[in-house]
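The values are calculated or read from the model by the stated rules, or taken from the named source; none is laboratory data. Source: prediction; values computed, not measured. Please note: Cβ atoms are built from the backbone with ideal geometry, for glycine as well, and neighbour counts cover all protein chains shown. Surface areas here come from the heavy atoms of the whole protein model, side chains and all, with no ligands, DNA or RNA. Shrake-Rupley method; radii C 1.70, N 1.55, O 1.52, S 1.80 Å.
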Amino acid sequence: METQQEITSMPRIGDKAPEFKAVTTQGEINFPGDYEGEWVILFSHPADFTPVCTSEFMTFATMEEQFANANCKLVGLSIDGLYSHIAWLRSIKDKIEYRGMKNVEVKFPLIEDITMNVAKKYGMIQPNEAATQAVRAVFFIDPKGIIRTIIYYPLSLGRNFDEIYRVVVALQAADEFGVATPADWRPGDDVIIGPAGSCGAAENRMEGKEDMDCKDWYFCTRKLDKEEVLSKVLKNH
Ligand code: BEZ
């Protein structure tokens with residue numbers, strides 16, 4: 001018998017992404033193995049043929065190339081069957097016009113997860129929110145298959161796709177340049193340098209001996225050119 005713990009088990013940041021094989025609208029996938037060497041966003045939505053989810057799918061599909069240019073693939077999931085997925089995606093393309101988006105074709109895979117196999121592995125079922133629908137989860141998985149960021153939204157709240165894209169770029173910038181990114185960071189903004197590891201280093205920083213701007217010994221930033229970031233993160237730049 002399935003336990004509450006099994007339903008609510010949640011992978012954490014830094015964990016290896018749980019593996020699974022699944023049927024999708026683009027054929028079978030092996031996850032995360034098929035995405036080795038690329039970033040991938042695995043996201044869930046509560047149900048097909050629902051308005052918030054439809055607005056989200058249209059937005060993600062419209063931004064798919066932008067994500068691909070940042071070496072990031074998209075994979076969706078809901079606890080619905082393949083034929084429901086196909087019918088819903090056809091309806092979106094043929095009938096739905098929303099905020100200037102129309103004839104939107106969803107080309108990324110949408111996983112059928114009637115058995116909830118994947119949803120349970122990824123903590124997408126949160127029973128006090130909904131027992132049979134996945135919440136709006138977003139897992140950011142790096143080219144080595146490690147979970148790097150997780151965001152959860154409830155059923156009623158559509159996601160912010162600018163933020164989702166910002167996370168992909170900021171994670172890659174942090175990896176490339178060995179820095180951290182402050183609140184609301186965007187390419188071109190100053191970045192945070194790691195903390196001083198000794199009293200001497202702290203002293204040097206405060207005496208202005210390093211090429212950085214220190215508000216205090218533990219809070220130092222440096223410039224990072226927007227073009228330098230974009231040339232590392234974006235394929236076509
Ligand atoms: C929606 O996507 O519109 C939705 C799905 C489940 C509950 C509430 C809203």
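Of all residues in the range 135-155, those that are within 16 Å of the ligand (Cβ to nearest atom) and either touching an Asp or Glu at 6+ places or on another chain (Cβ under 8 Å) or not assigned by TED's automatic domain parsing to the domain that holds Phe20 (or both) total 4.
Against the test of being more than 12 Å from the chain's Cα centre (by Cα) and outside the structural domain of Ser84 (by TED's automatic domain parsing), the options Pro195, Pro127 yield a single qualifying residue, Pro195. Look at Leu42 and say whether it is away from the ligand (no atom under 16 Å from the Cβ), open to solvent by less than 70 Å² (accessible area, probe 1.4 Å) and touching a Phe, Trp or Tyr at 6+ places or on another chain (Cβ under 9 Å). Taking the combined requirement at face value, the residue satisfies it.
This table checks each residue for (1) more than 12 Å from the chain's Cα centre (by Cα); (2) away from the ligand (no atom under 16 Å from the Cβ); (3) open to solvent by less than 30 Å² (accessible area, probe 1.4 Å).
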site	(1), (2), (3)
Arg159	no, no, yes
Arg166	no, yes, no
Asp175	yes, yes, no
Pro187	yes, yes, no
Asp190	yes, yes, no
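Scan the range 78-100 and give yes if some residue there is of a type in the set (Val, Ile, Thr), over 18 Å from Arg136 (Cα atoms) and buried (at least 19 other Cβ atoms within 10 Å of the Cβ), otherwise no. For the range 78-100, residues of a type in the set (Val, Ile, Thr), over 18 Å from Arg136 (Cα atoms) and buried (at least 19 other Cβ atoms within 10 Å of the Cβ): present. Quick check: is even one residue across the range 75-95 part of a strand (DSSP E or B) and closer than 18 Å to Asn160 by Cβ? Taking every residue of the range 75-95 in turn, at least one turns out to be part of a strand (DSSP E or B) and closer than 18 Å to Asn160 by Cβ. Among the residues of the range 46-69, just one is among the aliphatic types (A, V, I, L, M), open to solvent by 30 Å² or more (accessible area, probe 1.4 Å) and near the ligand (Cβ under 10 Å from one of its atoms), namely Val52.
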